[in-house]
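Worksheet: one structure, shown below.
Nothing in this text is a laboratory measurement; each read-out follows from the coordinates by a stated rule. For clarity, every value in this text was computed on a predicted model and none was experimentally measured. Note that we place each Cβ from the backbone using ideal geometry, even for glycine, and neighbour counts take in every protein chain shown.
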């Protein structure tokens, strides 16, 4: 799994290179365009966590770190992938992806900030573009073949399949060249050191985070943490980090770690395996007598919500004490339980308390809108969903609910647009096309909205074109020759026919 996802990252970088005017000399605009193209591919393949609470926290931390960059030409954007591996990567142009497992493996916000600042520094110093430039002159077919091998082999769970296609397209060396060099790592470490020091974090925490990742390599071989496959780590690098801290000490670096611990608890409760999450949280409740125990009770409440046992969840939240007893996180969770139990007035009263403390709390705004929707007050609901989308245009749940509200208000054309965009984001392409075609038809006279619907439809058309006719995956150069008792046979971009094995992977697996 680790190697598959790192391979996917390398492949996405290569995909971007296909449309770059020059692989050998990238301008910053070209680099941004490559990143935008790669972003769409990554978002199509990686499951992302869209919880507004988690998203707000990570993006807020990212903004704090970005503010410390001098003469920064990039606009950074941060995402959390719903994958348990200890991994993170950056795309050209400033799109940063953190895996859930990277966050839950850390002990402090400063450790997480160190990893984020490191990835930001790779973008800042243009290391990704440099890796691509050094890959040398290659044909589009070779790059496409590598992309297909990485994605198809990896997603099918048959890594040797991807390796065969990669080697058949003679692109194996390119993947290695895209790995960051030790010099890249040293420069990114120094950049991260400056960023987190300026943001008020003790820089020794960064050394702790990378030492933690390195220990994982020693204890889990041969399943190397994916992060290390593109970010080489060594005792020498650890010593360099330690020397940085010794030579440039930062005095009185203090920060509040509470919100990080809460978000980590939430990720465990809502996204880890349920049994694993319950064991982890129960053990903490039994053994701790501090803030961690209260957070574990909060996590148990979230776990019961995940199981749709809202009465039990409320009981768990009532047991939360200390500083978290009347926190907006617990108040909001209690309100959502009341909302799911049909106690809409109680839910709204509690949500009003949350919004009085934090008017831009996206989860509270979304829940307030849903309460109004359940009370058959779509006009009020619409206003809340629009506020959420203003804060986070990627919140497809709010977009879906907005579509429902607009439909109840009789604004069917606008409703079709929002529903179509929501289904497209959720990769339900059949439903998306149905609603978007209705939107294009009914939005005549509203050119801006009609243009949104047409663009979304064009994206679906492009996706269908890439799938190609039966037997061929367009853009990759792969041709499916035949399937017989000996397995599936393909011809790769180099014209070599080879057997893939007995399992035929889906070319574009649907994600539910």
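Determine the equivalent ellipsoid of segment 289-444 by diagonalising the alpha-carbon gyration tensor, then write out the semi-axes as square roots of 5 times the eigenvalues, largest first, rounded to whole Å.
Values: eigenvalues 226, 49, 35 Å².
Computed over segment 289-444, the values are 34, 16, 13 Å.
Please arrange 95, 324 by how many other C-beta atoms lie within 10 Å of their C-beta, fewest to most. Mind dumping the intermediate values first?
Details: 95 23, 324 18.
Fewest-to-most ranking of 95, 324: 324, 95.
Semi-axes, largest first, in whole Å: what does sqrt of 5 times each Cα gyration tensor eigenvalue give for segment 257-325? Can you show the working numbers first?
On the way: eigenvalues 54, 37, 25 Å².
Calculated on Cα positions only, the semi-axes equal 16, 14, 11 Å.
For segment 329-384, just say rounded, prolate or oblate: build the C-alpha gyration tensor, square-root its eigenvalues into a ≥ b ≥ c, call rounded for a/c under 1.5, and beyond that prolate if a/b exceeds b/c, oblate if not.
Values: a/c = 2.08, a/b = 1.18, b/c = 1.77.
Oblate, because a/c is 1.5 or more while a/b does not exceed b/c.
Once you order the gyration tensor axes a ≥ b ≥ c over the Cα atoms, which shape class does segment 39-114 get: rounded for a/c under 1.5, otherwise prolate or oblate by comparing a/b with b/c? Kindly include the intermediate steps, with their values, before the conclusion.
Numbers: a/c = 1.71, a/b = 1.16, b/c = 1.47.
Judged from the Cα gyration tensor, segment 39-114 comes out oblate (a/c at least 1.5, b/c at or above a/b).
Say each of residue 346 and residue 430 gets a label point 7 Å from the Cα, pointing the same way as Cα to Cβ; how far apart are those two points in nm?
4.0 nm
R0 = 41 Å: FRET efficiency of residue 273 with residue 27, Cβ-based, nearest 0.05? Kindly include the intermediate steps, with their values, before the conclusion.
Values: r = 45 Å, r/R0 = 1.11.
Given R0 = 41 Å and the Cβ-Cβ separation, E is 0.35.
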